[in-house]
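Structure record follows, encoded as structure tokens.
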Amino acid sequence: MGEYMVNPMTSFTTVGLPVHASNIFTKNYEGGTLCAISDGMQYAWTAPIVPILQRPDSPIPITHTDVVWLESIYMIGGMAGIPFIIYSVDRFGRKATILIGTVQHIVSWIMKAFAPSVEFFYVARFISGFAANVDFVAAPMYISEIADKRVRGFLGSSIYVMMLVGILIIYSVAPFVSIPISSAVGCSFLVVELFVFPFMPESPYYLVSKGKMEAAKKSLQKLRTTTKNIDKEFEEILSMVKRRQSEKEKRSYADLFRIRKNRRAVLIVTTLNCAQHFSSYSVILMNLHSILNDAGSMLSSSNAAIIFSALMLCAALSSSILVDRTGRKMLLCASCCLTGLSILSLAMYFAIKNSGHDVAGYSWVPATSAMCYAVFFKCGMGLIPIVLTAELFPSSVKAMGMATASAMYSVSSVVSIYVYQFLSDQFGMHVPFFIFGFSCFLAAFFTIYFIPETKGKTLAEIQLILSSTKSLSTAIRDIKPGSPEYATLLLKQQQESTA
């Protein structure tokens with residue numbers, strides 16, 4: 001995939017894109033998202049593996065405490081890796097950071113394949129969580145900076161689609177083979193990445209920020225199959241990097257909470273990240289097989305998990321189209337309500353089962369509830385927070401805002417896992433699911449009154465809504481182009497950006 005190699009994908013168009021865009025698509029797809037497949041496998045690893053480790057003939061016997069730690073230490077590793085990833089993308093570059101993360105993932109899979117004790121699983125899960133930040137920070141940054149503008153959005157979303165592909169793979173493979181073999185499958189994608197990705201050029205934005213102008217221009221030329229408009233695009237990169245550096249010098253982390261619009265953005269993103277996990281997302285992905293086994297589902301847990309992950313993948317692909325047609329707010333609100341109903345039906349099933357009643361005639365309920373959850377969650381709650389995180393923060397604090405969002409994502413995941421394990425042990429599995437179900441309806445209420453509809457609005461208009469001195473619900477209704485407050489807030493925002 002070097003400079004002079006011909007990619008067969010360039011001979012035809014991809015998803016209706018021009019040949020030039022198809023070439024960019026192929027390079028990014030092959031080089032920038034394979035690690036996301038591995039990360040999806042790592043995220044859902046405990047769901048099929050824990051039942052294997054709990055069998056009487058387990059190669060490594062584990063306790064209930066081990067299960068809690070195996071699930072939560074992955075997210076703890078994610079939190080620990082945030083400072084490193086922020087430092088690494090600027091110090092070593094986007095490309096080098098992705099390769100570092102790839103090596104870390106390989107080490108994790110090797111440790112899982114040959115682990116002699118559960119402690120090795122602990123370390124491997126921590127390393128994989130640490131490396132997962134590549135998929136949430138370094139890879140999206142790299143792709144957005146090298147991709148042609150015609151396919152930038154599509155390529156950016158492909159990372160999250162590849163993670164769902166990884167979940168589907170681990171659910172389809174791990175229950176039927178040994179742990180070393182499933183680890184080898186996960187490692188195989190990373191080995192390909194390790195051989196392919198070094199031939200990709202570094203981000204021209206990063207090279208310009210380091211003063212390497214000639215290298216940046218050569219990188220841009222390699223990334224574009226035509227030299228037309230190269231000089232113009234390079235000037236745009238120079239201008240943007242200069243503006244970013246100027247804004248970075250003026251802003252501090254305190255600005256996330258000192259400035260009203262940033263404070264409101266943090267509130268919205270933090271609440272939605274908490275809502276994602278308190279809708280039982282991490283709990284279900286990491287415990288799906290155990291939950292369905294305990295429920296006595298009519299489908300085997302292995303087969304149900306494969307269908308679950310396939311439905312989630314299809315829903316994610318469909319929702320990426322719906323989000324720009326129906327709008328963020330309506331889709332998110334509907335998703336919250338329908339996801340809540342799915343979880344509450346599962347909670348009621350467990351409540352009736354735990355009370356001693358015969359539920360044999362209703363064994364279809366757990367699997368059906370899980371399938372509905374997969375579709376309804378991914379159509380809104382699993383997608384919209386990602387979109388809003390990119391839209392709500394102004395460029396001057398976007399990196400800090402996204403890092404804060406990533407930290408809150410990890411924290412809320414760990415808390416939800418502990419809440420589930422503690423309450424299910426003490427009071428029965430129905431109790432945490434009742435809490436998760438009602439949390440979804442609280443998220444729907446928050447969506448209606450506190451989240452602005454960003455469909456069809458420019459980033460400047462979104463910032464005006466968040467800057468208003470009115471309550472969020474009032475500002476969402478009143479701040480429109482041409483309204484009395486619009487011009488005043490626009491001027492104020494311009495003054496803030498130059499302050």
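The values are calculated or read from the model by the stated rules, or taken from the named source; none is laboratory data. The structure presented is a predicted model; accordingly, all values stated were derived computationally and were not measured. Positions of Cβ are backbone-derived with ideal geometry, glycine not excepted, and every protein chain shown enters the neighbour counts. For accessibility, only protein heavy atoms count, side chains too; no ligands or nucleic acids. Shrake-Rupley method; radii C 1.70, N 1.55, O 1.52, S 1.80 Å.
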Contact list please: Cβ distance under 7 Å, first residue in the range 360-388 and open to solvent by 10 Å² or more (accessible area, probe 1.4 Å), second residue of a type in the set (Lys, Arg) and part of a helix (DSSP H, G or I), pairs at least six apart or on different chains. Val387/Arg328
Would you pick out the residues in the range 117-144 that are open to solvent by 10 Å² or more (accessible area, probe 1.4 Å) and either among the acidic types (Asp, Glu) or modelled with pLDDT of 90 or more (or both)? Ser117, Val118, Glu119, Phe120, Tyr122, Val123, Phe126, Ile127, Phe130
Scanning the range 184-209 residue by residue, those surrounded by fewer than 23 Cβ atoms within 10 Å (Cβ to Cβ), among the polar types (S, T, N, Q) and in contact (Cβ under 8 Å) with a residue 12 or more places away in the chain turn out to be Ser209
Out of (1) touching a residue at least 60 places away in the same chain (Cβ under 8 Å); (2) open to solvent by less than 40 Å² (accessible area, probe 1.4 Å); (3) part of a helix (DSSP H, G or I); (4) under 30 Å from Ile465 (Cβ atoms), the odd one out for His289 is which? (4)
Do we have Ser38 as in contact with a Leu (Cβ under 6 Å, 6 or more places away or on another chain), of a type outside the set (Lys, Arg) and either crowded, with 21+ Cβ neighbours inside 10 Å or not in a helix (DSSP H, G or I) (or both) here? yes
I'd like to know if the range 52-73 contains one or more residues that are of a type in the set (S, T, N, Q), open to solvent by less than 20 Å² (accessible area, probe 1.4 Å), touching a residue at least 12 places away in the same chain (Cβ under 8 Å) and touching an Asp or Glu at 6+ places or on another chain (Cβ under 6 Å). no
Checking the conditions here, which among Ser309, Ser297, Ser252 is part of a helix (DSSP H, G or I) and of a type in the set (Gly, Ala, Ser)? Ser309
Name the residues in the range 294-313 that are open to solvent by 10 Å² or more (accessible area, probe 1.4 Å) and either in contact with a Pro (Cβ under 7 Å, 6 or more places away or on another chain) or among the acidic types (Asp, Glu) (or both), would you? Asp294, Ser297, Ser302
The lone condition Ser172 fails out of (1) assigned to a helix (DSSP H, G or I); (2) more than 24 Å from Ala310 (Cβ to Cβ) is (2)
Quick check, is Ala399 closer than 24 Å to Phe84 by Cα, among the aliphatic types (A, V, I, L, M) and free of Cβ contacts under 8 Å to residues at least 24 places away in the same chain? no
Quick one: is Cys336 closer than 23 Å to Gly129 by Cβ and crowded, with 18+ Cβ neighbours inside 10 Å? no
What is the one condition in (1) in a helix (DSSP H, G or I); (2) outside the structural domain of Arg125 (by the TED database); (3) of a type in the set (D, E, K, R) that Lys228 does not satisfy? (1)
Among the residues of the range 420-430, write down those that are surrounded by fewer than 19 Cβ atoms within 10 Å (Cβ to Cβ) and in contact (Cβ under 8 Å) with a residue 60 or more places away in the chain. Asp425, Gly428
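This table checks each residue for (1) within 13 Å of the chain's Cα centre (by Cα); (2) under 30 Å from Gln463 (Cα atoms); (3) in the same structural domain as Leu285 (by the TED database); (4) not in a helix (DSSP H, G or I).
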position	(1), (2), (3), (4)
Ala390	yes, yes, yes, no
Met402	yes, yes, yes, no
Val411	no, yes, yes, no
Leu423	no, no, yes, no
Any idea how many residues of the range 206-235 are of a type outside the set (S, T, N, Q) and within 18 Å of Gly93 (Cα to Cα)? 15
Unique residue being at pLDDT 90 or above and over 25 Å from Ser178 (Cβ atoms) when the list is Ile60, Ile37, Ile52, Ile100: Ile100
Which numbered condition in (1) at pLDDT below 75; (2) surrounded by fewer than 18 Cβ atoms within 10 Å (Cβ to Cβ) is the only one that Asp231 fails? (1)
